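Visitor: Structure below; questions to follow.
The values are calculated or read from the model by the stated rules, or taken from the named source; none is laboratory data. Every value quoted in this text rests on a predicted model; they were computed, and no experiment measured them. All Cβ positions, glycine included, derive from the backbone under ideal geometry; neighbour counts span all protein chains shown.
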Ligand SMILES: [Mn+2]
């Protein structure tokens, strides 16, 4: 009897496309041509924003560039605080306010923005006056898209970190263990534990991080959650109505949008649920809906009906001057029409 053993060698893994290789070279050239590089991301930094900035930081410093990280958030989440403290202590990597670097900006400065393409979400709007800009992002194109000379936007990438890892791999850049650790935690968050938007390429990028010896205990530390936030989310989850294969939760209290998103992720994990919707106030006059689907139901189409957008499996909308009860009933009515 013959047994055939297949062995995966590197060439059997997914290869980078010509476009991705071109992006790596183009971005490398733009960095090389600049006097200094300023890195930033979106407001309310998360680990994908920070991890993608840090990956770029090592690309730029490897190319011999003075590199600044601009963060103007007044407050940080626990994991971002922890990561920033360790970066300062162990690597002497510090962040700057826009004000503190304003004077060094010239026509030869290069700004790289990661994890957003929305000009309203950038850490400091004054940065957008920098002439040379590159946007690297994995979100759908925003209505308020940043006007930049060069953009590398891939809506199919799981995270900004995944995209930066194509560059790191292609340009053969070394990153320290702690940076790889933050990057793995960032990918974990954006993919909900390598489930959502995860492809062979996502795993290939993550595998590269293990080559830099990620510290899995520290990854776990960075991913720990806050008990009070957990309790708030459970409150939303407990108010769920199950209608056919839909889970619909709603609450009159004010939440931040990420809380709605996390609650709708949770709702999707229950038996028979094909799509989940979380409806709650995100400020006094605005109601948010966060929608998720495992793939058979197109929640982008449903959210579009409510003037929102997104992807087939992840979508959202915001509705002004109405009430929760009405939004919930409108949604149930619309879903009924889909049956
Ligand atoms: Mn992201």
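Visitor: Any residue that is touching a residue at least 12 places away in the same chain (Cβ under 8 Å), within 16 Å of the ligand (Cβ to nearest atom), on the phi > 0 side of the Ramachandran plot and touching a helix residue (DSSP H, G or I) at 6+ places or on another chain (Cβ under 9 Å) - is there at least one of those in the range 69-79?
Guide: no
Visitor: Considering only the range 246-270, state which residues are modelled with pLDDT of 90 or more and surrounded by fewer than 16 Cβ atoms within 10 Å (Cβ to Cβ).
Guide: 252, 253, 254, 269, 270, listed by residue number.
Visitor: Tally time: how many residues in the range 175-201 are more than 16 Å from the ligand (Cβ to nearest atom) and surrounded by fewer than 18 Cβ atoms within 10 Å (Cβ to Cβ)?
Guide: Looking only at that region, the number is 3.
Visitor: Only one of 93, 105 is more than 16 Å from the ligand (Cβ to nearest atom) and farther than 25 Å from residue 142 by Cβ. Can you tell me which?
Guide: That would be 93, the only listed residue that is more than 16 Å from the ligand (Cβ to nearest atom) and farther than 25 Å from residue 142 by Cβ.
Visitor: Which residues, taken from the range 32-48, are crowded, with 23+ Cβ neighbours inside 10 Å and in a helix (DSSP H, G or I)?
Guide: Result: 47, 48.
Visitor: Next question, about the same structure. What are the pairs with Cβ atoms under 7 angstrom where one residue, in the range 130-147, is under 26 Å from residue 106 (Cβ atoms) and the other, located anywhere, is in a loop (DSSP other than H, G, I, E, B) and away from the ligand (no atom under 16 Å from the Cβ)? Sequence gap at least six, or different chains.
Guide: 130/105; 131/107; 132/34; 132/149; 133/148; 133/149; 134/148; 135/148
Visitor: If residue 51 meets every condition in (1) within 14 Å of the ligand (Cβ to nearest atom); (2) outside any helix (DSSP H, G or I) apart from one, which number is that one?
Guide: Condition not satisfied by residue 51: (2).
Visitor: I'm trying to understand the selection: among the residues of the range 119-166, which are assigned to a helix (DSSP H, G or I) and within 12 Å of the ligand (Cβ to nearest atom)? Give the steps one after another, and end with the answer.
Guide: So in the range 119-166, the residues assigned to a helix (DSSP H, G or I) come out as 119-121, 125-129, 160-166.
Within the range 119-166, 121, 160, 161, 162, 163, 164 qualify.
Visitor: Also, I was wondering about something else. Quickly run through the range 65-87 and pick out the residues that are surrounded by 12 or more Cβ atoms within 10 Å (Cβ to Cβ) and part of a helix (DSSP H, G or I).
Guide: Passing the criteria: 78, 79, 80, 82, 83, 84, 86, 87.
Visitor: I'd like the residue in the range 202-229 that is more than 16 Å from the chain's Cα centre (by Cα) and in contact (Cβ under 8 Å) with a residue 60 or more places away in the chain and, out of all such residues, is surrounded by the most Cβ atoms within 10 Å (Cβ to Cβ).
Guide: 204
Visitor: Let me ask something else about it. Only one residue in 253, 244, 172 is in the same structural domain as residue 14 (by TED's automatic domain parsing) and away from the ligand (no atom under 16 Å from the Cβ), so which one is that?
Guide: Testing whether each residue is in the same structural domain as residue 14 (by TED's automatic domain parsing) and away from the ligand (no atom under 16 Å from the Cβ) leaves just 172.
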